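The values are calculated or read from the model by the stated rules, or taken from the named source; none is laboratory data. Quick caveat, the model's predicted, so the values are computed rather than measured. A quick note on method: Cβ atoms are made from the backbone with ideal geometry, for glycine too, and the neighbour counts reach across all protein chains shown.
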Amino acid sequence: MSPVKTLLRPALGLALAAVLCAAPVSASVILNTLEGYEQLDPGWSGNLSGLFSGSGGNTERILFEAGGKVQWQLEKDRLRLQASGGYEESAGLETARNVVVHLRHNRDLNEKLATVSFAQVQHNPFQQLQSRWLFGAGVRQYLWKDEKGNVSYGVTPMLELERLEGHDDHLARGRLSVFLHIARHLSDSARLDLVAFWQPLFSDFSDSRATANLVFTVDMIGEVDLKVGVNVEDNATPPVGVERTDWQTYMGLGLDF
């Protein structure tokens with residue numbers, strides 16, 4: 001590795017890590033925890049990404065988004081920590097803020113079956129969400145897997161503890177989380193990922209949250225890659241005054257390490 005790269009990698013990593021500590025635009029109903037992990041060799045790996053946009057004069061606007069993933073891989077176990085957040089301000093007024101932190105453990109039982117356990121916390125005042133804690137455990141199965149990609153699904157019952165604005169107590173409910181992941185390598189440097197989640201209440205399956213995310217990733221220079229994607233999210237029973245469906249397109253750079 002050249003001296004420039006040796007100095008540049010930690011500098012970029014520290015800068016993007018600092019971004020993650022900022023006050024948390026994405027109104028994420030469900031965090032995408034499946035896309036982008038292919039590291040199977042023992043050891044540490046991860047990814048950091050960030051976006052900043054500002055304008056002044058006739059239009060005053062600041063947009064700040066960041067995300068990061070870290071994985072510790074053993075022979076049969078994987079421990080992953082993932083965070084995502086955003087902040088938006090227009091004409092001096094805060095218009096969006098959101099942060100999600102997710103900790104996940106997988107243990108391979110055989111080549112096609114693995115356990116899944118996780119804990120997650122989310123905050124988004126623009127969805128009237130002061131906090132939402134999720135705790136779940138289940139299984140993930142590969143239907144197809146080779147060097148070109150994979151198709152897998154999973155089922156994880158989970159406990160949801162949610163506190164909305166204007167309420168002092170947490171609402172405790174049980175949910176089922178069902179997910180589907182399709183990954184395909186289009187070439188040595190290009191990859192397509194489709195991730196979908198459906199999370200209904202055990203007591204009422206019509207009360208559900210869902211998301212679908214399609215992302216195209218291209219390796220650029222060294223550990224830097226370009227990501228282009230679209231994300232659609234749906235909450236069947238949103239709080240009063242909150243839209244049911246959110247969607248966004250995005251393009252940005254990521255740093256692998």
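Report yes if some residue within the stretch 112-129 is of a type outside the set (A, V, I, L, M), at pLDDT 90 or above, over 18 Å from the mean Cα position of the chain (by Cα) and within 28 Å of Phe205 (Cβ to Cβ); otherwise report no. Scanning the stretch 112-129, I find at least one residue that is of a type outside the set (A, V, I, L, M), at pLDDT 90 or above, over 18 Å from the mean Cα position of the chain (by Cα) and within 28 Å of Phe205 (Cβ to Cβ), so the answer is yes.
Residues checked against (1) crowded, with 19+ Cβ neighbours inside 10 Å; (2) among the basic types (Lys, Arg); (3) within 29 Å of Pro157 (Cβ to Cβ):
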{"position": "Thr211", "(1), (2), (3)": "yes, no, yes"}
{"position": "Val218", "(1), (2), (3)": "no, no, no"}
{"position": "Asp225", "(1), (2), (3)": "yes, no, no"}
{"position": "Ala236", "(1), (2), (3)": "no, no, yes"}
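Considering Leu159, Leu134, Leu171, Leu113, the condition of being farther than 30 Å from Val240 by Cα and aliphatic (A, V, I, L, M) is satisfied by Leu113 alone. Only one entry of Arg140, Arg163, Arg107, Arg132 meets the criterion of being over 28 Å from Leu194 (Cβ atoms) and basic (Lys, Arg), and that entry is Arg163.
Checking each residue of the stretch 131-153 against the condition of being modelled with pLDDT under 95, within 30 Å of Leu93 (Cα to Cα) and buried (at least 17 other Cβ atoms within 10 Å of the Cβ) gives at least one match.
Only residues that are in contact with a Ser or Thr (Cβ under 7 Å, 6 or more places away or on another chain) and among the polar types (S, T, N, Q) were counted across the stretch 232-257, and they come to 1. In summary, Asp77 fulfils each of the numbered conditions (1) surrounded by fewer than 14 Cβ atoms within 10 Å (Cβ to Cβ); (2) modelled with pLDDT of 90 or more with the single exception of condition (1).
Quick check on Asp188: is it surrounded by fewer than 14 Cβ atoms within 10 Å (Cβ to Cβ) and either of a type in the set (D, E, K, R) or out of contact with any strand residue (DSSP E or B) (no Cβ under 8 Å at 6 or more places or on another chain) (or both)? The answer is yes for Asp188.
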